[in-house]
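Following: one structure in structure tokens, then a few remarks.
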Amino acid sequence: MALYLLYETSSGYSLFQASGIDEIGQNTEAVRNSVSDLNRFGKVVQLTAFHPFESALDALNQINSVSEGIMTDELRNFLELNLPKVKEGKKAKFSLGVAEPKIGSHIFEVTKIPCQSNDFVHELLRGVRLHFERFIKDLKPGDLEKAQLGLGHSYSRAKVKFNVNRVDNMVIQAIFLLDTLDKDVNSFAMRVREWYSWHFPELAKIVNDNYLYAKLAKFIDDKSKLSEDKLPELTDLLGDEDKAKEVVEAAKASMGQDLSPIDLINVQQFAQRVMDLSEYRKKLHEYLITKMNDIAPNLASLIGEMVGARLISHAGSLTNLAKCPSSTLQILGAEKALFRALKTRGNTPKYGLIFHSSFIGRASARNKGRMARYLANKCSIASRIDCFSENGTTIFGEKLREQVEERLDFYDKGVAPRKNIDVMKAAIESNENKDTDMETEEATAVPSAKKSKKKKSKSDAAENSELMAEDKPTVNGGASEDAKSEKKKKKEKRKLELEQTVKNSNGTNGVEAEEDGISTKKKKKKSKDQDGEDLQDASDMKKKRKKKSKGEE
């Protein structure tokens, strides 16, 4: 069976034929060693066809499709032209060796060309890559390197630009920075406490909050200068008048040593740095919350912004988290304990980063594992909705949170929760209703704007007509009469044309209509004559009766 090799380069597609290869010794080291020798390799592998790319953009598109395992039209035409044709109903007497199995399967699906990708093919392609410049005669020494460099830059730039996870990177970096800031702020605050405690040791017992302690250390400065005049300002800082009085009294009877002005300045500066860091930490926390509501709103509403961000950062991206099954998501962050349990054949961990959620803390010790498994299931659903849905809504996350609350009640009180199908149907309906409401609002906004525009246009037209009427001079009477006569003539012409069309269409029907009219007239005359005769007969009868009555008398 003949073997062809498809090799994709930065300059174009190339097709090689490998002949005279013994199938028995394919995987031996002798074949691998013979690849490096051009004289031996050139006798076995020969170039059959080469199709150069038209431009750098075409090369980028082709390589992108190859990396995704898609065969383009250019590649299909190239293979169909240069490979032997296969008759219908018969097996091919050759096979195509490719570097990637994905593109091989796609080529076989579309063109029915048998493809293979194994160690032997990879070794042959390695030899082709090594001696490629020798196979193509027209290539100059530096052309291939330039093409590779340009394509490499454009390919990597496109990958960075169209990276799906680039939005998730902001959340990952923010949560890492937040964790480091927590550690740094705590260590710096402890250093402020230790430093200032040499001067005012009683303050550390009165004020427990690190941020507030740094504020007070900067405000008090020298304890000997603290008096009751500063009580209002102290109460504003502490929020408690009793504590402010306690600080003033402790400063009067303090056991601390005096510090030089330079030392106090350094303590103040360091306290200011700690305050700035803690304020920046608050801003970063707000930024992370807003970013999580944009990227993964359902996951944030279900489990919280901080835990959701830690899950995304541990998985690497939102897509990686969406690909994880719920069993993996449940123990995400407890890998050490898992592998230790597998090694020692002990109990595997029940939860990882999910443990920081409030739901597991609220569950009893007996139901913590069940709650973690159920919560991981809902988190995987929420992450998939956030990853693959086009419109970002929090409806599904809220409904999933309601389900988790119901499950907690079921474990504690025995109240039966709703079914998942019913909850998801309700969420889909509410989402659709929300979308329709948005569309109706937009539709109502558009016609109102159109109406206002129409009103404005009408008012403008009326004003313009008034102005035109004022500006126009009076027209002579003769001109107006001529215009009227022309209109009359046009009307008469239209009437004549209509009458002619009616006559032409009717034809003989018009004659029949006239005869019918005449007959109706005759009938009317006859009826009139008959009525007159009847009246005369009636009058004669009356006269005869009168005469008879007179004769009888």
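The values are calculated or read from the model by the stated rules, or taken from the named source; none is laboratory data. Predicted model, so just to flag it, every value in this text is computed and none were measured. All Cβ positions, glycine included, derive from the backbone under ideal geometry; neighbour counts span all protein chains shown. The protein model used for the area step is the full one, side chains on, heavy atoms only, and it has no ligands, DNA or RNA in it. Shrake-Rupley method; radii C 1.70, N 1.55, O 1.52, S 1.80 Å.
Odds and ends about this structure:
- Of everything in the range 88-114 that is closer than 17 Å to residue 17 by Cβ and modelled with pLDDT under 85, the residue that is most open to solvent (accessible area, probe 1.4 Å) is 93.
- Subset of the range 187-223 that is surrounded by 13 or more Cβ atoms within 10 Å (Cβ to Cβ) and among the small types (Gly, Ala, Ser) - its residue that is farthest from residue 259 (Cα to Cα): 189
- Hey, residue 50 open to solvent by 40 Å² or more (accessible area, probe 1.4 Å), without any contact (Cβ under 8 Å) to a residue 12 or more places away in the chain and hydrophobic (A, V, I, L, M, F, W, C) or not: no
- Whichever residue in the range 123-132 is open to solvent by 80 Å² or more (accessible area, probe 1.4 Å) and not aliphatic (A, V, I, L, M) and, among such residues, is farthest from residue 36 (Cα to Cα): 129
- So residue 385, is it surrounded by 10 or more Cβ atoms within 10 Å (Cβ to Cβ), under 32 Å from the mean Cα position of the chain (by Cα), modelled with pLDDT of 90 or more and within 29 Å of residue 168 (Cα to Cα): yes
- Search result, residues across the range 53-89 that are closer than 13 Å to residue 9 by Cα and of a type in the set (Phe, Trp, Tyr): 53
- Criterion (touching a Pro at 6+ places or on another chain (Cβ under 6 Å) and open to solvent by less than 90 Å² (accessible area, probe 1.4 Å)) met by exactly one of 154, 117: 117
- Residue count for the range 39-66, restricted to those that are more than 20 Å from residue 100 (Cα to Cα) and part of a helix (DSSP H, G or I): 9.
- The listed residue being open to solvent by less than 50 Å² (accessible area, probe 1.4 Å), among the acidic types (Asp, Glu) and at pLDDT 90 or above, out of 406, 402: 406
- Total residues in the range 267-283 satisfying the condition of being of a type in the set (Phe, Trp, Tyr) and open to solvent by less than 90 Å² (accessible area, probe 1.4 Å): the figure is 1.
- Meets criteria (open to solvent by 90 Å² or more (accessible area, probe 1.4 Å) and either within 21 Å of residue 117 (Cβ to Cβ) or not in a helix (DSSP H, G or I) (or both)) for residue 85: yes
- Scanning the range 157-174 for residues that are at pLDDT below 85 and open to solvent by 70 Å² or more (accessible area, probe 1.4 Å) yields 157, 159, 160, 161, 162, 164, 166.
- Complete set of residues in the range 284-313 that are open to solvent by 50 Å² or more (accessible area, probe 1.4 Å), more than 11 Å from residue 174 (Cβ to Cβ) and either out of contact with any helix residue (DSSP H, G or I) (no Cβ under 6 Å at 6 or more places or on another chain) or β-branched (Val, Ile, Thr) (or both): 294
- Qualifying residue in the range 21-32 (condition: at pLDDT 85 or above, of a type in the set (Lys, Arg) and within 29 Å of residue 152 (Cβ to Cβ)): no
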